[in-house]
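Here's the structure, in structure tokens; my notes come after.
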Amino acid sequence: MRDFAIVKAIDGQRIEVVSLISDACVTCNSIDCAKQGKSFHVINKKNLPLKENNIVRIGFPRILNGFLGLISLLFPIAAAAIGFFLAPSLSKRFGFLLTEASKAGVTGVFFVTAALIVFLISRTDLHLTHPEVIQVM
């Protein structure tokens, strides 16, 4: 997430901003044509000099984005491996014949379920931390 926002209120390290939506002009740096979105809070870890009505660039730290990307890649793979090793016990419990095809099916179900979980979480507003102010425009 690297977006533009307008500062509406400042309360110490917590800053209330309103996002600027400019999807039509992805490569354009002009924010004159952008619409205002909903307000939310960001933090000012870099202690940048901010005033109300400043336009700022906000985002999450790159290390956090990389870590979450790695988790979203490895979680479905780990779930598929767990499904592969649980297939024999699941075949006994649910009474289906354990073949290579059923092992692949159980592995696929675990993989798709984990990938669906990652997809659904990535579409929510659930974040581990608040976005931070990266730059004052």
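The values are calculated or read from the model by the stated rules, or taken from the named source; none is laboratory data. As the structure is a computational prediction, the values presented were derived from the model and not from experiment. Quick reminder, even Gly has a Cβ in these numbers, built from the backbone with ideal geometry, and neighbours come from all protein chains shown. With ligands, DNA and RNA removed, areas are computed over all heavy atoms of the protein, side chains included. Shrake-Rupley method; radii C 1.70, N 1.55, O 1.52, S 1.80 Å.
Assorted remarks:
- Residue under evaluation Ala78, criteria (1) open to solvent by less than 70 Å² (accessible area, probe 1.4 Å); (2) under 30 Å from Ile134 (Cα atoms); (3) of a type outside the set (Phe, Trp, Tyr), criterion not met: (2)
- Some residue of the range 75-93 being in contact with a Phe, Trp or Tyr (Cβ under 8 Å, 6 or more places away or on another chain), over 27 Å from Ile21 (Cβ atoms) and charged (D, E, K, R): no
- Flag for Leu126 being farther than 22 Å from Ala78 by Cα, loosely packed, with under 10 Cβ neighbours inside 10 Å and either at pLDDT 95 or above or more than 19 Å from the chain's Cα centre (by Cα) (or both): no
- Exclusive hit being modelled with pLDDT under 95, more than 19 Å from Phe119 (Cβ to Cβ) and open to solvent by 60 Å² or more (accessible area, probe 1.4 Å), set Phe67, Phe96, Phe84: Phe96
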